[in-house]
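Take a look at the structure set out below.
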Amino acid sequence: MKRPDAPCPTAPADAIEHERLENVRPAAWRNPQPANCYGLVIVGGGTAGLVAAHAAAALGARVALIERNLLGGDCLNVGCVPSKAILRTARLYAEMRDAGQYGARTPADVRVDFAAAMARMRGIRARISRADSVRRLSAAGVDVFFGQARFTGMDALSADGATLRFKKAMIATGSRPDTPSIPGLVEAGFLTNENVFDLTGLPRRLLVIGGGPLGCELAQAFCRFGAQVTIAQHWPLFLPREERDAAQLLADAFARDGIEVRLNTRAVAVRVEGGQKFVDLVSDDYHSTVAVDAILTGTGRVPNVDDLNLEGAGVDYDKADGIRVDDFLRTSNRRIYAAGDACLAHKFTHTADASARIVVRNALFHGRQRMSALTIPWCTYTDPAIAHVGLYVSEANRRNIPVKTFTIPMHEVDRAIADGEETGFVKIHVKERTDRILGATIVARHAGDMINEITLAMVAGIGLRTLARVIHAYPTQGEAIRKAADAYKRTRLTPTIRSLLRRWLQW
Amino acid sequence: MEDHANPCRRQRMSREPLIGGQTLDELQHAAFGYFLQAVNPANGLIVDTSRDNSPVSIAVVGFALSSYPVAIERGWMDRADAVRRSLAALRFFRDSDQSGSPTATGYRGFYYHFLDRESGARVWRSELSMVDTALLIAGALTAGRYFTADSVDETELRELVETLYLRIDWRWAQGGARTVRMGWKPECGFLHYGWEGFNEAIVMYVLALGSPTHPIEGGCECFDAWTATYQWENLYGYDFLYAGPLFVHQFSHAWIDFRGIRDRFMREKRCDYFENSRRAIEVQREYARRNPLGFAGYDENCWGLTACDGPSHPQPTLDPARRPLFGYAARGAPHGPDDGTLAGWAALASLPFAPEIALSAARTMLERYPEMLPAQQYASSFNPSLASAEHGAWVSAGHFGLDQGIVVMMIENYRSELIWRLMRSCPYVRTGLRRAGFRGGWLAQRPASTDQAR
């Protein structure tokens with residue numbers, strides 16, 4: 001199916017963009033002459049592809065990588081990197097406006113320079129693109145081909161007219177934004193993560209359709225830049241996978257920022273009149289229309305599985321769920337593996353990275369590493385950020401695992417108080433009557449950094465009892481985790497133990 | 001510590017001045033007065049609030065039906081009057097338009113949340129509300145257990161209660177899902193989210209499971225599907241089934257005595273819902289004592305974050321932190337929303353769980369902010385952070401029926417356990433609790449006769 005293309009803004013063709021493109025898709029690039037047979041051919045030069053290419057080449061494999069667009073994939077070009085860069089600037093503007101809360105004088109004339117924020121983002125993106133450059137790949141011994149890959153058999157594919165034979169292949173074609181089928185949307189034009197970072201002017205009024213991570217992060221950022229933002233979310237809360245309190249805190253934060261929140265709301269039609277976009281919204285039976293200058297959609301992602309002739313290679317796939325893989329990331333063709341967004345439900349850069357490492361071991365060294373054995377954290381970088389790892393309580397309940405949660409509100413943490421960043425909590429879920437960590441949710445300004453400690457504990461099999469013995473530097477927001485561990489320890493003081501202790505101390 | 005388990009002590013307490021000469025009895029009586037002021041005598045319906053043009057709330061009618069027996073026992077109303085008022089409401093619902101049209105009163109035994117005071121037709125395009133219907137029917141069942149005389153009127157009353165309860169199609173309300181949907185509208189069908197996670201809906205599930213005619217499909221599994229999103233948390237040193245707003249820990253308890261009976265979840269946690277509510281109150285106190293957002297007034301005797309009205313227009317006195325005001329919202333501890341608005345009545349609604357704490361808070365709050373009690377009835381909320389020298393704390397205008405109803409019922413449960421006793425003897429409630437997996441305590445004993453229950 002042809003993807004509906006919206007009229008796109010394009011990034012300025014300046015020296016910074018030139019540097020990035022020279023790194024990730026040099027204009028003068030000539031594809032090399034293919035080798036007779038590769039130990040590993042990688043289709044897709046995003047995070048998974050690059051990680052696998054570097055790792056396999058470093059181990060001595062003959063590696064080819066085929067990319068149809070830009071090296072670095074979504075993460076570098078239209079995802080994590082640019083979004084985090086603009087979130088930082090947006091947070092700065094929010095802090096300037098809230099300076100009074102920090103005992104500082106609010107600058108007299110805070111004027112948002114959106115173009116400067118985007119230029120900074122492009123500079124950061126160009127700098128980080130050096131790590132993903134084609135020159136680095138080539139220097140590592142990887143044959144890089146630009147062009148559309150297409151399987152021609154069980155052990156061969158073509159790219160830009162060349163045939164590449166392989167012993168093993170890895171499909172890492174990533175994913176793309178899922179365009180909601182709203183009548184009039186395509187005609188009116190809309191933004192997705194693929195073109196929103198090319199903007200140089202701030203839309204005065206923005207409608208964000210979808211309350212997932214991308215929609216939430218950018219809604220808040222654009223609001224803080226001064227856009228009048230409305231966010232329409234089909235479900236009763238944002239980030240429907242996350243727990244209720246996390247989503248509720250985020251909704252409250254949005255309200256504080258001045259975002260118009262429309263929960264339980266669907267966009268059903270778009271039309272353009274007089275240069276404005278009019279979007280009809282429906283909440284149950286309540287109909288309304290908002291007039292905006294731009295529409296950003298963030299309603300999920302679909303895997304890139306088209307135009308690869310996967311059938312020709314005997315690779316089973318599904319348009320919605322992507323390439324079918326087993327727990328070892330092997331497809332229905334035993335020579336071909338998959339990694340990243342093209343085959344995984346968790347579409348994160350770090351998951352793509354981890355899955356690519358598994359493929360290299362399993363494909364090249366007969367490894368038996370399982371994807372299901374991974375402990376995968378994730379984070380939505382709103383303010384406050386929402387991070388999670390492991391099981392949710394509802395999942396534990398469904399599996400009949402008795403679970404208990406140790407909750408530390410951030411207002412219990414000295415550093416959070418000092419920083420004026422008290423919104424949020426640390427919730428660590430343990431198996432009832434044990435200290436074994438099943439999962440955790442953190443809502444905090446720095447939740448993404450804090451969740452790493454819990455992930456480490458889970459991977460290393462460290463329980464709350466041990467975490468309570470770990471000295472945490474004071475004052476840090478990460479101390480919330482030790483406080484949760486302390487709370488666990490206090491629950492071990494049963495009345496019998498208390499009485500014994502009392503007797504001991506009296507003696 | 002005062003001996004609040006002692007019935008004599010509780011009776012004496014209720015007549016001792018709480019503050020400014022006000023006794024618990026007087027506060028309860030005044031709260032009951034709302035139902036006399038807010039009723040449409042022609043159809044027995046009670047308006048949601050005392051504000052102009054307020055529609056009827058079906059849940060408030062449920063509270064009124066539960067409160068009439070209290071008024072009889074307390075000598076505030078004669079029995080014939082109570083029967084007449086109850087019959088008017090029950091007859092209205094029996095005869096109401098159940099076509100489910102946009103201007104009907106209900107559908108499949110359920111009722112729209114808000115109704116016109118005169119005609120009883122749906123207003124505000126409100127939803128067919130499953131939980132509010134449950135609160136209405138809980139009130140009707142209370143009346144049915146109390147009015148047991150062999151008279152023509154009371155016999156009719158009991159028959160009406162049976163008719164209304166038995167015709168509710170709880171299975172339909174699942175909309176094909178495992179849990180009960182939150183609402184339905186003729187314009188768009190079921191609202192696309194259900195009653196999930198711990199909330200005030202236990203009584204709804206009990207009634208839905210106890211129905212001999214249209215029980216929810218899946219029985220205990222359905223209840224377990226609901227409890228699968230429960231979170232058992234250790235917060236401020238207390239282990240409890242978490243829910244932020246206090247009303248969640250109170251509303252179902254207005255009718256059902258959860259002391260000593262446990263479902264699978266509570267057996268596993270070695271707790272019960274009654275004890276859980278007590279701990280939730282402790283958590284509220286701890287939150288108010290910490291007062292992380294620095295609101296005026298909050299301390300261990302000034303708390304009550306719950307579903308209530310609140311300020312919604314920009315208020316300059318709150319501006320420095322650019323904090324939003326939430327209007328009518330389910331406020332909660334410790335994760336909010338919190339805009340400095342507290343519900344004074346929430347303390348009295350906590351009486352059965354933690355009498356010392358609740359009385360101490362009620363006394364302190366009334367002493368500090370007497371303006372929260374206009375016309376001797378609790379306002380929905382007050383906000384000391386929005387105080388003016390002239391009027392004191394910001395106070396929600398008028399009165400809300402739900403607040404008055406919960407005050408009447410919880411004070412009564414504290415004083416005499418009347419509502420609990422009546423509902424303990426209700427076979428539908430007993431069946432519903434058993435089907436939900438509750439065991440032990442009074443459920444393990446033979447039901448008291450209706451006379452004993454009274």
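Worth a mention:
- Leading residue by the ranking (nearest to the other protein chains (Cβ to nearest Cβ)) among those in the range A:396-427 that are under 19 Å from residue A:100 (Cα atoms) and charged (D, E, K, R): A:422
- Scanning the range A:470-507 for residues that are surrounded by 11 or more Cβ atoms within 10 Å (Cβ to Cβ), over 14 Å from residue A:426 (Cβ atoms), more than 14 Å from chain B (Cβ to nearest Cβ) and without any contact (Cβ under 8 Å) to a residue 24 or more places away in the chain yields a count of 3.
- Selection within the range B:82-128 - on the phi > 0 side of the Ramachandran plot and surrounded by fewer than 20 Cβ atoms within 10 Å (Cβ to Cβ): B:100, B:108, B:124, B:125
- Test: residue in the range A:166-181 that is surrounded by fewer than 16 Cβ atoms within 10 Å (Cβ to Cβ), more than 29 Å from the chain's Cα centre (by Cα) and either more than 15 Å from residue A:49 (Cβ to Cβ) or at pLDDT 95 or above (or both): yes
- Counting only strands (runs of 3 or more DSSP E) that sit completely within the range A:334-436, those holding 2 or more residues that are within 23 Å of the chain's Cα centre (by Cα) correspond to A:336-338, A:377-380, A:385-390, A:425-431.
- Only one entry of A:466, A:434 meets the criterion of being without any contact (Cβ under 8 Å) to a residue 40 or more places away in the chain, surrounded by fewer than 16 Cβ atoms within 10 Å (Cβ to Cβ) and over 21 Å from residue B:242 (Cβ atoms), and that entry is A:466.
- The set of residues in the range B:147-178 that are β-branched (Val, Ile, Thr) and outside any loop (DSSP other than H, G, I, E, B) comprises B:152, B:155, B:161, B:163.
- Within the range A:472-507, tally of residues that are in contact with a His (Cβ under 7 Å, 6 or more places away or on another chain) and farther than 22 Å from residue A:434 by Cα: 2
- Test: residue in the range A:42-51 that is in contact with a His (Cβ under 9 Å, 6 or more places away or on another chain), assigned to a helix (DSSP H, G or I), in contact (Cβ under 8 Å) with a residue 60 or more places away in the chain and crowded, with 24+ Cβ neighbours inside 10 Å: yes
- Here residue A:253 passes the criteria (1) among the aliphatic types (A, V, I, L, M); (2) more than 11 Å from chain B (Cβ to nearest Cβ); (3) touching a residue at least 40 places away in the same chain (Cβ under 8 Å) except the one numbered (2).
- Test for residue A:437: is it β-branched (Val, Ile, Thr), farther than 17 Å from residue A:385 by Cβ and either in contact with a strand residue (DSSP E or B) (Cβ under 9 Å, 6 or more places away or on another chain) or within 14 Å of another protein chain (Cβ to nearest Cβ) (or both): yes
- Residue A:203 closer than 22 Å to residue A:259 by Cα and either without any contact (Cβ under 8 Å) to a residue 12 or more places away in the chain or part of a loop (DSSP other than H, G, I, E, B) (or both): yes
- Scope the range B:272-300; condition assigned to a loop (DSSP other than H, G, I, E, B) and under 22 Å from the mean Cα position of the chain (by Cα); matching residues: B:272
- Test set (1) closer than 22 Å to residue A:29 by Cα; (2) out of contact with any Lys or Arg (no Cβ under 9 Å at 6 or more places or on another chain); (3) crowded, with 20+ Cβ neighbours inside 10 Å - residue A:157 fails condition number: (2)
- Here B:437, B:405 are screened, and the one residue that is touching a helix residue (DSSP H, G or I) at 6+ places or on another chain (Cβ under 7 Å), touching a residue at least 40 places away in the same chain (Cβ under 8 Å) and on the phi > 0 side of the Ramachandran plot is B:437.
- Condition met for residue A:164 (aliphatic (A, V, I, L, M), more than 18 Å from residue A:46 (Cβ to Cβ) and assigned to a strand (DSSP E or B)): yes
The values are calculated or read from the model by the stated rules, or taken from the named source; none is laboratory data. Fair warning: this is a prediction, and the values are worked out from it, not measured in the lab. Methodologically, a virtual Cβ is constructed for each residue, glycine included, from the backbone with ideal geometry; neighbour enumeration extends over all protein chains shown.
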